[in-house]
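The values are calculated or read from the model by the stated rules, or taken from the named source; none is laboratory data. As the structure is a prediction and not an experimental result, all values here were calculated from the model. Quick reminder, even Gly has a Cβ in these numbers, built from the backbone with ideal geometry, and neighbours come from all protein chains shown. Side chains are part of the model used for accessible areas, which takes the heavy atoms of the whole protein and leaves out ligands, DNA and RNA. Shrake-Rupley method; radii C 1.70, N 1.55, O 1.52, S 1.80 Å.
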Amino acid sequence: MRVKVAQVMASDVPVVEESTPFKIVARVLISADMGAVPVVDFDHRVIGVVTDADLLLKEEFKDQYAHEGYQPPLRARLRHLFGRPGRGRREKSRGDTAAELMTSPAVTIGPETAVVFAIRLMDRHGVTHLPVVGMDGKLEGMVGRHDLLRVFTRPDADIAREITTDTFGRSLFRDLAMVTVTVDQGVVTLTGRLHWRSDALTSARLARGVNGVVDVIDHLEWEEDDTRTWRHR
């Protein structure tokens, strides 16, 4: 029962076309209160993404005095150097249309993908927003880091139910019924007594992997330590 991108994404997403002028793109971002906007073709397929950071390059690279020759900080230059290939920051600062400002191809994700993979994808590519596209490549929504925070607003009762019924209930361990699960503000506390230590360790690991869990307090007890056998194999 992993939380899917479709459950947290914004569905009513404004878009721009390649020919959309700079100022229109800025107005779209401000009106929608979003940090990024998809660029789509005539068939509503995503071909790129323009972010607020792309637009701010226009101001960043302006000379504040004659012959300033501004250079971004070394860290920013290294981040771009080892990041995704595409137009340079200074080149983008001269852009007048969405086509000249966008990062293309866009990093996209499917609506049925678990949010954990969305987070990893953002981190891998250094982006803060992902267009959500269907099997046909057409835009279905947009997910940003702010949207992904919604997993931490899950009710404690829902988290406890998922751990007890879906995570533990479908496991291979027979005596997990002996485990009591309580959740307070996303913090899971496990109490009870299991036969094998490995089952206790696995129980805590499974609980920690549930969406919306902030932390796991492991008070599980066990009778026999079978992990020593594992270490000597």
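Assorted remarks:
- Once all protein chains are placed together, LEU148 keeps about 10 Å² accessible to a 1.4 angstrom probe.
- The residues packed around VAL183, meaning those with a beta-carbon under 12 Å from its beta-carbon, carry a net charge of -3 if Lys and Arg are +1 and Asp and Glu are -1.
- Solvent-accessible surface of segment 117-172, taken per residue with a 1.4 Å probe and all protein chains present: 59 Å².
- Accessible area, probe 1.4 Å, largest first, for residues LEU206, LEU56: LEU56, LEU206
- With R₀ set to 22 Å, the beta-carbon distance separating ALA114 from ASP156 gives a calculated FRET efficiency near 0.60.
- Solvent-accessible area of segment 115-203 (1.4 angstrom probe, protein heavy atoms only): carbon and sulfur portion equals 55 percent.
- Rg [Å, one decimal], Dmax [Å, integer] - segment 93-145, C-alpha atoms: 12.3, 38
- Near GLU140, the amide H atoms lying under 5 Å from its own belong to VAL132, VAL133, GLY134; only residues 5 or more places off or on other chains count, and H is placed 1.01 Å from N.
- Rolling a 1.4 Å probe over the heavy atoms of the protein chains gives segment 1-54 an accessible area of 55 Å² per residue.
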